[in-house]
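Trainee: Supplied in structure tokens, the structure appears directly below.
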Amino acid sequence: ISLIPGNALGFAMSNYPYTVLSMLSYLFAPIAIFMLASDLIAGEMAGGGIKVMLMRPVSRASVLLSKVITITGYIAIVFLSQLIISSAFAAFTTGISSGIIALPLSYLVSLLPSLAITALAVAVASMLKSGTSSFTFSLLAYIGCAVLGIVFTSIAPIMPTTYMGLGS
């Protein structure tokens with residue numbers, strides 16, 4: 001794509017890690033978060049696996065917190081692996097860029113809105129009994145937040161989707 005004359009798409013291989021970050025944080029990470037939350041929380045409720053876990057002397061809050069930490073850890077691993085892969089690919093094709101400190105910090109800062117999305121997904125999955133309905137409702141809530149942030153610009157700063165990467 002970077003070989004297109006005039007670079008009509010606004011994409012250059014030197015910016016490849018940032019392009020991957022934008023797509024990852026706006027599209028792929030939220031979908032992964034919704035799938036994980038619906039499976040870890042609502043899926044265990046529907047399958048009855050949570051009953052066995054709650055028979056142990058463990059508080060419900062610690063069970064829920066461990067699931068949130070698991071989702072956050074998984075998303076952090078995805079971000080880290082994409083940072084390494086996209087940086088290596090960009091370095092291989094165009095050489096090492098000047099953003100050696102800025103690039104990892106960009107990926108780290110992009111994890112913060114993902115925490116808000118994780119909180120949304122966990123709250124929805126805790127209220128619903130079905131994994132499918134949990135995933136669907138979380139996805140619709142995410143799309144609704146994105147649309148509300150675009151249509152009503154005065155509330156955009158409080159929407160977590162504003163800070164997810166695309167269009168800013």
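The values are calculated or read from the model by the stated rules, or taken from the named source; none is laboratory data. Note that the structure is a prediction, hence the values are computed from the model and not measured. Glycine also receives a Cβ, built like all others from the backbone with ideal geometry; neighbour counts cover every protein chain displayed. These area figures cover heavy atoms from the full protein model, side chains too; ligands, DNA and RNA do not enter into them. Shrake-Rupley method; radii C 1.70, N 1.55, O 1.52, S 1.80 Å.
Trainee: Hey, any idea what the orientation-averaged projected area of the convex hull of region 19-69's Cα atoms comes to, in nm²?
Mentor: The directionally averaged projection comes out at 3.9 nm².
Trainee: Further, regarding this structure: Taking only complete DSSP H runs, can you tell me which helices of the chain stretch 27 Å or more along their own long axis by Cα positions and average at least 1.6 on the Kyte-Doolittle scale?
Mentor: Details: long enough: 60-94 (50 Å, 1.48); 102-127 (39 Å, 1.85); 131-151 (30 Å, 1.63).
Helix filter hits for the chain: 102-127, 131-151.
Trainee: Please give the net charge around THR136, taking every other residue with its beta carbon less than 15 angstrom from that of THR136, where Lys and Arg add +1 and Asp and Glu add -1. It would help to have the intermediate numbers written out before the result.
Mentor: Details: positive: LYS129; negative: ASP39.
Residues close to THR136 contribute a combined charge of 0.
Trainee: Classify region 51-135 as rounded, prolate or oblate, taking a ≥ b ≥ c as the square roots of the eigenvalues of its Cα gyration tensor: rounded when a/c is under 1.5, otherwise prolate if a/b is larger than b/c and oblate if not.
Mentor: Values: a/c = 3.19, a/b = 2.74, b/c = 1.16.
Note, shape of region 51-135 comes out prolate.
Trainee: Let me ask you something else. Just from its helices, what would the mean residue ellipticity at 222 nm be for the chain, if runs of 4 or more DSSP H residues each count -39500 (n - 2.57) and the sum is divided by every residue, rounded to the nearest 500 deg cm²/dmol?
Mentor: Working: 7 runs with 109 residues, N = 168.
That comes out to -21500 deg cm²/dmol.
Trainee: Percent of accessible area on region 67-167 owned by carbon and sulfur, 1.4 Å probe? Each step should come with its number before you reach the end.
Mentor: Numbers: 4620 of 5780 Å².
Of all accessible area on region 67-167, carbon and sulfur atoms account for 80 percent.
Trainee: Can you compute the modelled spin-label distance between ALA123 and ALA88, with each label point 7 Å from Cα toward Cβ, in nm?
Mentor: Rounded to a tenth, the inter-label distance reads 3.9 nm.
Trainee: On average, how much accessible surface per residue is there in the chain, in Å², for a 1.4 Å probe, leaving out ligands, DNA and RNA? It would help to have the intermediate numbers written out before the result.
Mentor: Working: 9890 Å² over 168 residues.
It amounts to 59 Å² per residue over the chain.
Trainee: Per the Debye formula with a single identical scatterer at each Cα and no solvent contribution, what log10 I(q)/I(0) holds for the chain at q = 0.10, 0.21 Å⁻¹?
Mentor: The Debye formula, applied to the Cα set alone, gives -0.46, -1.29.
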